[in-house]
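Beneath this line is the structure, given in structure tokens, with notes to follow.
Every number in this text was worked out from the coordinates using simple rules, so none of it is lab data. Because the structure is predicted, anything quoted here is derived from the model rather than measured. FYI the Cβ positions are ideal-geometry reconstructions off the backbone, even for glycines, and counts take in every protein chain you see.
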Amino acid sequence: MEDSTGRKTSDRDSRWSRLLIVSAATLLSLALAEGLLGLVLPPPIVWRMPQERYENHPTRLYVLRSNQQAFTHDKPLRINALGLRGGEVEIPKPPDRFRIVVMGDSLTFGNGVRDDETYSRRLETMLQAAGLRSTEVINAGIPGYDSWQEALLLEEVVLSLDPDLVLLGFYENDVSQRPMTTRPVIGATGESPRTGLAARLGDRWIFLLKRSQLLVLAWEAYQRARVRWLPPPEARVRMALLNGENYPPTEAGWAEVDASLRHMASRLKREGVPFGIVVFPMPEQVWNTGAGTVAYQGRLQGITREIGVPTLDLLPAFRKAAADGRPLYIFWDWHPAPEGHQITAEAIDAFIHPVVARSGPPLTSNLSERDH
């Protein structure tokens with residue numbers, strides 16, 4: 001007769017054996033799935049430290065920390081003494097210099113691309129290659145900035161650079177309300193403090209986990225389900241922009257955009273500086289060519305026509321490039337890839353070249369005619 005202690009030990013060993021087998025099979029399946037995804041999808045984003053760092057600011061909430069060497073994803077970048085991406089800016093401006101300043105958010109800043117891959121640098125290269133050797137393009141894009149912050153950036157930094165032309169890169173997430181308070185948003189590490197599990201893990205572990213295509217796909221599936229069944233306010237704003245729906249937070253955001261653009265246009269007009277706006281499409285607009293997918297651009301152009309600011313819509317250029325199979329976006333991120341920046345620079349070059357070359361009519365009349 002078998003000892004009861006022996007049976008318990010045997011049962012326990014059997015359970016542990018089954019658990020080990022199930023665990024090994026699960027890990028093997030996950031590793032196999034990760035490997036298969038690696039064969040069909042682009043590699044995940046590599047994050048090198050430190051990423052760009054920020055500081056709190058009394059009027060604009062935050063600014064890029066000046067004089068830093070850092071990375072955006074795994075691409076090196078330099079932030080100059082003005083807190084702008086790129087090399088140092090000569091002040092005062094040399095007498096023969098034609099200076100273009102481009103404001104915007106992370107799309108203009110160039111998240112995930114090298115300095116020389118941003119559309120501002122590529123535009124400068126194009127203009128200089130065309131014989132306009134004295135032309136420079138300054139990248140004044142700051143990730144996360146909205147129109148009200150860019151209006152303040154214009155007053156506090158851009159006008160002091162004595163620009164000959166100011167461009168604003170506009171994206172759908174600029175349609176947002178100005179916060180009621182300017183409380184500090186940047187922590188001691190130079191970034192927005194994380195909450196919950198992200199705070200406990202820290203950047204290094206989060207960036208390491210993002211190297212897994214399987215985990216990123218699972219997270220994106222969760223986000224899509226959340227947006228579909230329990231849409232957060234920002235998702236509802238985005239859908240209202242895309243479809244032209246009347247949603248109160250979206251309308252409040254448009255009112256903020258209207259006020260900010262009017263201020264910038266008026267200020268630059270008083271200074272005698274031409275002003276133009278470059279509108280980036282939402283990625284889903286690029287592949288969906290339905291008639292109801294351009295409400296966001298139409299609403300913005302209604303504002304810019306009323307205040308007399310010429311506007312370049314990049315949607316046709318991006319749709320053509322997508323149809324040609326050109327890689328417009330960084331996979332897993334949806335910021336413009338180097339090819340997206342190249343297409344943007346080419347479109348802007350055609351948009352402004354006659355004015356920069358001093359061979360065409362004034363900027364406003366030259367570019368407004370294209371919009372009508």
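Each 5 Å bin from zero holds the following percent of Cα-Cα pairs in segment 46-103: 4, 17, 20, 20, 18, 11, 6, 2, 0. For Thr135, the residues 5 or more places off, or on other chains, whose built amide H falls under 5 Å of its own are Phe98. A viscosity of 0.692 mPa s and a temperature of 37 °C, combined with the Kirkwood radius over Cα pairs in Stokes-Einstein, give a translational diffusion coefficient for segment 201-286 of 197 µm²/s. Summing +1 for each Lys or Arg and -1 for each Asp or Glu among the other residues whose beta-carbon sits under 12 angstrom from that of Pro232 gives +3.
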